1. Got a sec? Which of Ala95, Ala146 is open to solvent by 50 Å² or more (accessible area, probe 1.4 Å), out of contact with any helix residue (DSSP H, G or I) (no Cβ under 7 Å at 6 or more places or on another chain), farther than 30 Å from Ser28 by Cβ and without any contact (Cβ under 8 Å) to a residue 24 or more places away in the chain?
2. Any residue in the stretch 286-299 that is closer than 17 Å to Met43 by Cβ and open to solvent by less than 10 Å² (accessible area, probe 1.4 Å) sitting within a Cβ distance under 9 Å of a residue that is modelled with pLDDT of 75 or more and outside any helix (DSSP H, G or I)? List the pairs, counting only those 6 or more apart or interchain.
3. Could you check the stretch 116-143 and list, in sequence order, the residues that are of a type in the set (Gly, Ala, Ser) and out of contact with any Ser or Thr (no Cβ under 6 Å at 6 or more places or on another chain)?
4. How about the stretch 104-137: which of its residues are within 16 Å of His56 (Cα to Cα) and in a helix (DSSP H, G or I)?
5. Give the number of residues within the stretch 201-244 that are surrounded by fewer than 18 Cβ atoms within 10 Å (Cβ to Cβ), under 27 Å from Phe288 (Cβ atoms) and touching a Phe, Trp or Tyr at 6+ places or on another chain (Cβ under 8 Å).
6. What about Ile85, is it in contact (Cβ under 8 Å) with a residue 40 or more places away in the chain and not in a helix (DSSP H, G or I)?
7. Would you mention how many residues in the stretch 19-56 are aromatic (Phe, Trp, Tyr) and over 19 Å from Val83 (Cβ atoms)?
8. Just checking, how many residues over the stretch 191-228 are closer than 30 Å to Leu166 by Cα and aromatic (Phe, Trp, Tyr)?
Amino acid sequence: MEKRNLTVIREFILLGLPSSAEQQHLLSVLFLCMYLATTLGNMLIIVTIGFDSRLHSPMYFFLSNLAFVDICFTSTTVPQMVVNILTGTKTISFAGCLSQLFFFVSFVNMDSLLLCVMAYDRYVAICHPLHYTVTMNLCLCVQLMAGLWLVTYLHALLHTVLTARLSFCASNIIHHFFCDLNPLLQLSCSDVSFNIMIIFAVGGLLAITPLVCILISYGIIFSTVLKITSTQGKQRAVSTCSCHLSVVVVFYGTAIAVYFSPSSSHTPESDTVSTIMYSVVAPMLNPFIYTIRNRDMKRGLQKMLFKCTVFQCN
């Protein structure tokens with residue numbers, strides 16, 4: 001009898017950001033500008049690395065992949081949110097919601113694992129410079145990227161399938177600007193204990209393991225840097241690592257606050273703000289961090305812009 005009374009939900013309502021009607025339009029403009037800045041900034045990184053042969057190294061190979069992932073990451077949520085605000089349509093189909101969940105989980109994990117691989121790359125470059133070109137060869141870099149994509153897609157597929165099997169029989173209102181795991185689990189009238197266990201077990205493994213590897217890598221890096229006698233060598237090593245560390249702090253700090261804090265501390269407002277930080281703000285800041293604080297990227301960008309200007313003048 002219980003099953004007959006269940007209402008099959010075919011669409012969800014995304015409430016978006018809590019604000020008045022006037023603020024909603026301002027927010028749509030703000031997020032549209034942030035999305036354009038993210039897309040153009042990360043595309044500029046990819047083009048600059050492809051243009052300058054001096055940047056054809058493992059470090060910049062992974063950076064160009066991070067830039068691509070960041071474009072995809074923000075494209076999963078922000079355009080949909082802006083369209084919903086401008087059109088006044090807040091609904092998303094059940095299939096569309098699951099698709100958004102799949103790609104969001106894929107790209108957030110890809111960001112996490114890429115940051116880990118980039119930390120390992122810096123560890124090899126600073127602690128074992130003589131073996132760097134042999135260890136971080138092109139074949140290994142391509143294999144690492146293929147492995148990362150496979151792992152992230154399988155993990156995202158696991159969460160998507162488990163969520164698709166849940167029953168949604170009460171409210172269809174999601175207090176978020178996209179279909180995320182926590183809000184969907186809160187809406188379900190099924191037993192979600194297995195889903196939560198998977199989030200903490202598998203999700204925790206994919207989130208905490210890279211973070212631990214990053215911390216270990218940088219612990220060894222800093223102990224090696226302290227042994228460098230040359231002041232210029234120390235400054236170059238610290239300059240190279242500081243960009244990556246800045247991105248790691250913003251990304252992991254906010255992501256852990258959303259997914260690995262006690263459920264009692266979760267509120268729609270706090271989750272939304274934290275999610276915006278790591279899914280919208282962090283990808284937008286990455287191009288600025290890596291171009292302003294990285295001398296090689298600045299030189300490559302200047303070289304590309306100079307050649308483009310000369311070409312236009314001729």
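The values are calculated or read from the model by the stated rules, or taken from the named source; none is laboratory data. Model, not experiment: these values are computed from the prediction. Backbone-built Cβ (ideal geometry, glycine too); neighbour counts: all protein chains shown. Side chains included, ligands, DNA and RNA excluded: accessible areas come from the protein's heavy atoms. Shrake-Rupley method; radii C 1.70, N 1.55, O 1.52, S 1.80 Å.
1. Working: Ala95 fails: farther than 30 Å from Ser28 by Cβ.
Answer to the check: Ala146.
2. Cβ pairs passing all conditions: Met297/Asp52.
3. Of the residues in the stretch 116-143, the ones of a type in the set (Gly, Ala, Ser) are 119, 125.
The one that is of a type in the set (Gly, Ala, Ser) and out of contact with any Ser or Thr (no Cβ under 6 Å at 6 or more places or on another chain): Ala125.
4. Taking the stretch 104-137 and keeping what is within 16 Å of His56 (Cα to Cα), we get 118, 121-122, 125, 132-137.
Across the stretch 104-137, the qualifying residues are Met118, Asp121, Arg122, Ala125, Tyr132, Thr133, Val134, Thr135.
5. Residues flagged as surrounded by fewer than 18 Cβ atoms within 10 Å (Cβ to Cβ), under 27 Å from Phe288 (Cβ atoms) and touching a Phe, Trp or Tyr at 6+ places or on another chain (Cβ under 8 Å) within the stretch 201-244 amount to 1.
6. Details: in contact (Cβ under 8 Å) with a residue 40 or more places away in the chain: yes; not in a helix (DSSP H, G or I): no.
Answer is no for this residue.
7. Within the stretch 19-56, the subset aromatic (Phe, Trp, Tyr) is 31, 35, 51.
Still in the running and over 19 Å from Val83 (Cβ atoms): 51.
Counting residues in the stretch 19-56 that are aromatic (Phe, Trp, Tyr) and over 19 Å from Val83 (Cβ atoms) gives 1.
8. 2
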